[in-house]
1. With a 10 Å cut-off between alpha carbons and a GNM built on the chain, which of V209, V64, V182 moves the most?
2. Near the amide H of A142, under 5 Å away, which other amide H atoms are found, from residues 5 or more places off or on another chain, if H is placed in the peptide plane?
3. Name the residues whose placed amide hydrogens come within less than 5 Å of the amide hydrogen of I118, ignoring near sequence neighbours (fewer than 5 apart) on the same chain.
4. What list of ³J(HN,Hα) couplings, whole Hz, do you get for segment 120-130 from phi and the Karplus terms 6.51, -1.76, 1.60, once you set θ to phi - 60° and write x for glycine and proline?
5. If you find the alpha carbon centre of segment 86-128 and of segment 1-57, how far apart are they in angstrom?
6. Among DSSP bridges having both ends in the chain, what percentage is antiparallel? Round to the nearest 5.
7. Return one number: the angle in degrees, 0 to 90 and rounded to the nearest 10, between the long axis of the Cα atoms of helix 81-90 and the longest principal axis of the Cα atoms of the chain.
8. Suppose the chain between E322 and E226 were pulled fully straight at 0.36 nm per residue; how much longer would it get relative to their current alpha carbon spacing?
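Just so you know, all these numbers are worked out from the coordinates, no wet-lab data involved. Quick caveat: nothing in here was measured; it's all calculated off a predicted structure. Every residue, glycine as well, gets a Cβ built from its backbone with ideal geometry; the counts of neighbours run over all protein chains shown.
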Amino acid sequence: MYYNWKQNIDTVELQNVSNLIKNGDIIVFPTETVYGIGANALDTEAVRKIFLAKGRPSDNPLIVHVADKKEIEQIAVIQTAVEQKLIDTFMPGPITIILKKRPIIPDIVSAGLDTVGIRMPSNEIAQKIIKTSQVPIAAPSANISGRPSGTKISDIREELEERVSVIVDGGDSNIGLESTVVKVIDNVPVILRPGKITPEQIEEVIGKVRIDSKVFEKLLDDEKPESPGVKYRHYAPKTKCKLIYSTKENLMIKEINKIIEENKDIVILGFAEHKNKINIEEDRYIEVSSLENVEEYAKNIYTCLRKADKINATLILIEGVENKHLGVAIMNRLLRTCEYDYKEIND
Ligand code: TXA
Ligand code: MG
């Protein structure tokens, strides 16, 4: 089933969606970050359907979505003042806070960990669905495991329509990258996954912040990560990808043209301003955003990766962004998209 709520939320359809959730079915719904595949977080069998639909490894835990801050303490324990401050400051919004879980959250949700990721989306449709269903909703990003997250409804329908009971269309995702995942360790917020809420913003209200080493480094073979998600290939099209970046535009353009000379079967994901300077057919240059516009870049990147994949080239070459503010989250995703095939050109 497909519901179009781009203009307004249909009340009869909203009731249907909530009934589906209460009945243990799974649905696709919008949030401000990316679309999610949701189920009643308190129902083990319903949550199992999410893992099956995505082909997600069972040791990768799900985030639980609530509509009201009062619901948090029913499913998790706020142990520190730092956690409380993060909740007070950034919720509702694009942040997930890892808290000690209460027994009411089934093991399948937390993949056996004693913690659970809690998120309170600001998206109105997401809030309405959670409120009307009257249960917390477990939801990973709406994509087959390993692929780029769903941010555009046509991509999501193509990939998931047969696998879920209903897809709710709320238009393109506003942010386009998944939430910032934070865990407070020894009273310091540690960013396990960067996102729209930046390290700088957290630092401003809390003080010291750490970025988990696995945000930019490859996991070693026998290493146990703080966040199980980093064990797996992620955000990746089927086509091999390569990431390049330079603070000097001309160097980046020169390098791209050099790579194209060596291999013509390439698709470029790049900035609009560079299109005329790169020697490739028009349909092989996909504009992600205008220069320096990281918001637009974040919003478009997954859609562009999917579009590039359809060309079936041997390589997707991606122009990266500066690694600060929202750029931290973009570069984190792209490094993993490219399986760390990254070149920074300095001279
Ligand atoms: O923006 C988002 O967060 C979206 C929307 C739908 O809310 N959801 C999302 O979920 O991105 P998912 O499952 O694709 O990513 C959740 C990430 C995974 O990397 C997972 O390993 C990590 O959060 N995670 C979940 N629970 C955790 C826990 N208890 N401890 C550490 N990491 C956890
Ligand atoms: Mg995901």
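1. V209
2. Distant-sequence amide H within range of A142: Y35, G36, I37, G150.
3. Residues meeting the criterion, in which the H sits 1.01 Å from N, are V64, I97, I98, L99.
4. 10, x, 8, 4, 5, 5, 4, 4, 4, 5, 5
5. 16
6. If we restrict to bridges inside the chain, about 40 percent are antiparallel.
7. Tilt relative to the chain: about 70 degrees.
8. Gain on extension, E322 to E226, equals 32.0 nm.
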